[in-house]
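Worksheet: one structure, shown below.
The values are calculated or read from the model by the stated rules, or taken from the named source; none is laboratory data. Predicted, not measured: the structure shown is a model, and the values here were computed from it. Here the Cβ positions follow ideal geometry from the backbone for every residue, glycine too, while neighbour counts run over all protein chains shown. Keep in mind that these areas ignore ligands, DNA and RNA; they rest on the heavy atoms of the full protein, side chains included. Shrake-Rupley method; radii C 1.70, N 1.55, O 1.52, S 1.80 Å.
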Amino acid sequence: MVCWVRTLLFISVLVPAFVECRIRHYHFNVVVKNETKLCSTKPIVTVNGKFPGQTLYAREGDNVLVRLTNHVQYNVTIHWHGVRQLRTGWSDGPAYITQCPIQPGQNFLYNFTLTGQRGTLLWHAHISWLRSTVHGAIVILPKKGVPYPFPKPYKEKVIVLGEWWKADTEAVVNQAMQTGLPPNISDAHTINGHPGPVPNCSSDDAYTLHVETGKTYLLRVINAALNDELFFKIANHNLTVVEVDACYTKPLETDTLFLGPGQTTTALLKADQGIGKYLIAISPFMDTVVAVDNLTGMGYLRYNHTLAFTPTTFVPIPAVNATPVTSVFSDSLRSLNSKQYPANVPLTIDHSLFFTIGVGINPCATCFNGSRAVAAINNVSFVMPTTAILQAHYYGINGVFTDDFPAKPAIPFNYTGTPPSGIQTMNGTKVYRLAYNSTVQLVIQGNTIVAPESHPTHLHGSNFFVVGRGVGNFDPDKDPLKFNLVDPVERNTVSVPTAGWTAIRFRADNPGIWFFHCHLEVHTTWGLKMAFLVDNGKGPNESIEPPPSDLPKC
């Protein structure tokens with residue numbers, strides 16, 4: 001197969017003949033189906049009638065074509081979370097940021113190439129709260145003939161962690177926005193769509209991982225939950241982390257994984273225990289006063305030849321506020337930083353940014369208490385436009401956004417101490433402008449306005465290196481002296497610790513509009529989001545591609 005024939009058919013662009021490549025075709029039909037969980041049934045939005053959705057398989061270097069057709073009553077988009085989308089921002093997916101949503105009865109062809117990436121990612125809806133059920137895994141295999149930089153496993157298993165509401169999640173978020181109050185928390189956590197045994201329901205709808213004694217399995221674990229950071233444990237078994245967010249890591253042996261929403265962790269599991277049934281447990285992390293779904297999701301690891309009615313070996317789960325467990329796990333991750341997979345950390349910085357993030361309260365005459373919960377970055381609560389920002393940028397449409405997002409808070413304060421008296425935020429659709437190939441250091445500082453909280457924060461269009469993290473206020477004189485600039489972990493989503501900070505570095509080598517937001521859906525809904533505008537460089541290879549002819553209209 002040669003690229004030019006297939007590319008001509010699908011995107012009307014000729015590339016030189018005889019360039020060998022692989023094109024992966026997928027058809028995503030967004031449909032409603034009835035799903036029964038927790039002894040009750042409700043209609044949910046799905047892709048191809050599956051929850052979680054199907055796994056998208058491809059190899060590094062492949063061109064992926066996904067035709068999405070919307071058969072439901074809601075507007076829909078899909079985000080390919082962690083896919084860099086080099087020059088193909090039109091396919092990134094966040095509604096009103098890079099595209100107008102796909103309206104009922106309409107379709108759109110997502111078209112992107114997996115350049116320089118291999119590992120585990122996820123796809124999910126990126127409009128309202130539809131990603132509660134519209135999500136699935138992305139598995140990017142190495143190029144043919146290229147081995148993993150770790151022992152080859154016997155088998156690979158995808159494990160998608162999620163949340164389940166008995167109520168319609170669109171109704172949940174709509175009610176919250178009308179009242180100004182926090183939305184209702186979920187009713188259960190799921191493993192590959194199964195909650196396991198839960199109170200007040202006789203159905204033991206549990207996921208079972210079948211293993212063979214002596215074999216090694218590669219577990220691709222994905223946190224697709226809306227609002228909960230999660231611990232993952234298997235009774236009596238250790239896991240060896242070898243990759244996070246589609247970036248190889250130095251092997252890290254642990255008995256507990258920690259994943260924020262949007263994060264992926266790939267780990268080796270050795271089936272080295274006695275024949276039997278062992279509990280798989282996922283439980284939430286919340287080390288502040290915010291309400292959380294405290295129900296443990298349960299599944300089973302079952303060895304072949306285990307007798308029926310064999311008792312389950314249980315596992316102690318971390319306390320819901322086990323901050324030290326999250327810190328040890330996060331601080332222990334390191335990039336592989338080998339000759340083949342180097343850690344190209346920017347050592348000189350063009351833009352030194354300081355973003356303080358958190359929740360606030362704004363007046364609201366129609367809300368329950370006369371006020372509304374909001375969230376903001378540098379005191380700017382993002383207002384979603386009605387025209388996609390990327391389209392406005394590409395076509396020079398005025399009045400959609402401004403490029404004056406503040407590089408630091410307008411008024412410094414004691415971010416993790418006593419909150420200032422004025423906590424009302426300003427509203428705006430603002431972006432921060434970056435020249436092509438410029439380098440960025442961004443310190444993300446949590447604050448204690450209303451309540452401190454851990455924030456899993458996601459950058460579209462680029463990976464970044466996590467060079468430092470800490471609790472309290474970032475010290476610009478002392479803390480950079482402790483930065484890891486040799487082998488920091490490379491990610492696309494990172495948790496900013498409660499009443500603490502995280503420092504990241506990245507290179508703006510991907511022209512376009514790139515969303516930056518908290519991946520707790522409640523905080524995104526409240527406005528904890530902004531976007532980077534990366535200008536074109538020199539020539540077509542450093543410029544965003546023209547928009548596809550079938551790009552949805554608002």
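For the reader, a short list of remarks on this structure follows.
- Rounded if a/c under 1.5, otherwise prolate or oblate - segment 349-540, Cα gyration tensor axes: oblate
- Inter-centroid distance (Cα atoms) of segment 391-468 relative to segment 192-256, Å: 33 Å
- DSSP beta bridge pairing in segment 21-139, given as percent antiparallel to the nearest 5: 70 percent
- Considering only the chain, percent of DSSP beta bridges that pair antiparallel, nearest 5: 70 percent
- Surface share of carbon and sulfur [accessible, 1.4 angstrom probe, percent] for the chain: 53 percent
- Average Cα contact separation per residue, segment 21-139, under 8 Å, 6 or more apart, as relative contact order %: 31 percent
- Think of a 1.4 Å ball rolled over the protein heavy atoms: segment 411-554 then has 36 Å² of accessible area per residue.
- Within-14-Å neighbourhood charge of His124 [Cβ basis; K, R +1; D, E -1]: -1
- Rounded if a/c under 1.5, otherwise prolate or oblate - segment 329-438, Cα gyration tensor axes: oblate
- Distant-in-sequence amide H partners of Thr208 (H built 1.01 Å from N, under 5 Å): Tyr300
- Cα centroid of segment 83-140 to Cα centroid of segment 536-554, whole Å: 16 Å
- Rolling a 1.4 Å probe over the protein chains gives Arg220 an accessible area of about 10 Å².
- For segment 287-377, applying the loop criterion from DSSP together with a ceiling of 16 other beta carbons within 10 Å to the trypsin sites (Lys or Arg not before Pro) yields Lys339.
- Taking every alpha-carbon pair under 8 Å whose residues sit at least 6 apart, segment 349-540 reaches a relative contact order of 28 percent.
- Placed amide H near Trp123: partners under 5 Å, 5+ positions off or other chain: His81, Gly136, Ala137, Ile138
- Under the convention that each Lys and Arg Cβ holds +1 and each Asp and Glu Cβ holds -1, the size of the dipole of the chain around its Cα centre is about 1100 debye.
- Accessible area, probe 1.4 Å, largest first, for residues Glu253, Glu545: Glu253, Glu545
- Relative contact order (%) - the chain, alpha-carbon pairs under 8 angstrom, separation at least six: 14 percent
- Probe 1.4 Å, all protein chains present, accessible-area order of Lys152, Lys553, largest first: Lys152, Lys553
- Per-residue ³J(HN,Hα) for segment 88-105, Karplus 6.51 cos²θ - 1.76 cosθ + 1.60, θ = phi - 60°, Hz, x for Gly and Pro: 10, x, 4, 9, 6, x, x, 4, 6, 9, 10, 7, 6, x, 7, 7, x, x
- Shape call, segment 39-128: gyration tensor on alpha carbons, a/c limit 1.5: oblate
- Whole-number accessible area per residue in Å² for segment 21-139, which is evaluated in the context of all protein chains at 1.4 Å: 29 Å²
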